[in-house]
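One structure is given below, encoded as structure tokens.
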Amino acid sequence: MTHDRCMAAADEKILEFLRDRELAGLGDIARRLRRPISPLRVHERLRSQAEYVAPFDTDYDLYELTSLGRGYLEGDVRADLLVPVPSARRSGHVLG
């Protein structure tokens with residue numbers, strides 16, 4: 001499995017984990033993934049999730065699934081059609 005495919009699988013698992021919980025921290029998410037990854041890597045993946053995941057607080061300690069994230073998991077939102085808007089709140093996010 002390539003790195004990209006592995007990360008895509010991790011992204012999906014992160015969204016599914018957040019769907020099943022109201023809020024989760026980076027460490028919680030990292031421990032629950034089938035292939036353990038570091039909380040730092042989870043943070044990077046959450047930042048890449050555009051509008052599917054949002055920080056719950058200004059400390060970025062807890063995250064929640066957004067309505068778009070739920071729609072994606074239910075098959076109502078196509079990832080390839082969602083174009084994230086740059087935001088200072090999501091520093092490090094680069095549009096491709």
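Throughout, read-outs are computed from the coordinates displayed, never taken from laboratory work. Since we're looking at a predicted model, the values are computed, not measured. Neighbour counts are summed over all protein chains in view; Cβ atoms, including those assigned to glycine, are modelled from backbone coordinates with ideal geometry.
Side notes on the structure shown:
- With a Förster radius of 30 Å applied to the C-beta separation of residue 80 and residue 35, the computed FRET efficiency comes to 0.75.
- Per-residue Karplus couplings for region 60-70, computed as 6.51 cos²θ - 1.76 cosθ + 1.60 with θ equal to phi - 60°, are listed in order as 6, 8, 10, 10, 9, 7, 8, 5, 5, x, 5 Hz, Gly and Pro entered as x.
- Globularity ratio of region 3-82, using Cα Rg and 2.2 N^0.38 Å: 1.00
- Among 65, 33, 23, a tally of other beta-carbon atoms within 10 Å of each Cβ gives an order, fewest to most, of 23, 33, 65.
- Stretch gain in nm, segment residue 19-residue 70, where the contour uses 0.36 nm per residue and the Cα spacing is subtracted: 17.7 nm
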